[in-house]
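Derivation of every value follows stated rules applied to the coordinates shown; laboratory data play no part. Computed from a predicted structure; not experimentally measured. Here Cβ is always computed from backbone atoms with ideal geometry, including for glycine, and neighbour counts include all displayed protein chains.
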Amino acid sequence: MAEQIRAFNRLYTQAIGSLDDRHEGLDVSLAQSRMLFTIGSLHESQVNQIAGTLGLDLAYTSRVLGTLEDARLIRRTISTADRRQRVVALTAKGRRLLAEIERRSNQRVLALVDHLAQADLERLLDAMDTIGTLLARKDSNAKPDSALPS
């Protein structure tokens, strides 16, 4: 069983290009892309909120955010509600990059399944829903996030 799951994981990560140094052929990693997406989805968020959403530790999250800030893709400011907290938001440059990542990700996904007949595409989507539901965290509020870039 474990080998079958691992084989699927290898197939899927290769198919979606998640092991590429630069996600979607752009100058960002998959981790950076996921953070941009999360920040864009939350609009303005705190660092611990980003880390929690992505299941990452705060130190790693801060390092990645630092690279995004150096590239002027995000801005970090002190929260007006709690001066101990840092608020993170996309810059205009970050929003443009995120839009391009989304466009390229959508193209890649469509190219991945364009050879499938409608019935096979529906079977694939049903199987993906099943996998997401079965592997969702035990937390009763957790739901598979099909909106995240792949």
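Could you tell me the calculated FRET efficiency between Arg84 and Ala31, based on Cβ-Cβ distance and R0 = 22 angstrom, to the nearest 0.05?
For R0 = 22 Å, the calculated efficiency reads 0.30.
Starting from the Cα of Ser62, step 7 Å along the direction of its Cβ; do the same at Ile131; then give the gap between the two resulting points in nm.
Label-label distance for Ser62 and Ile131, simple model: 3.5 nm.
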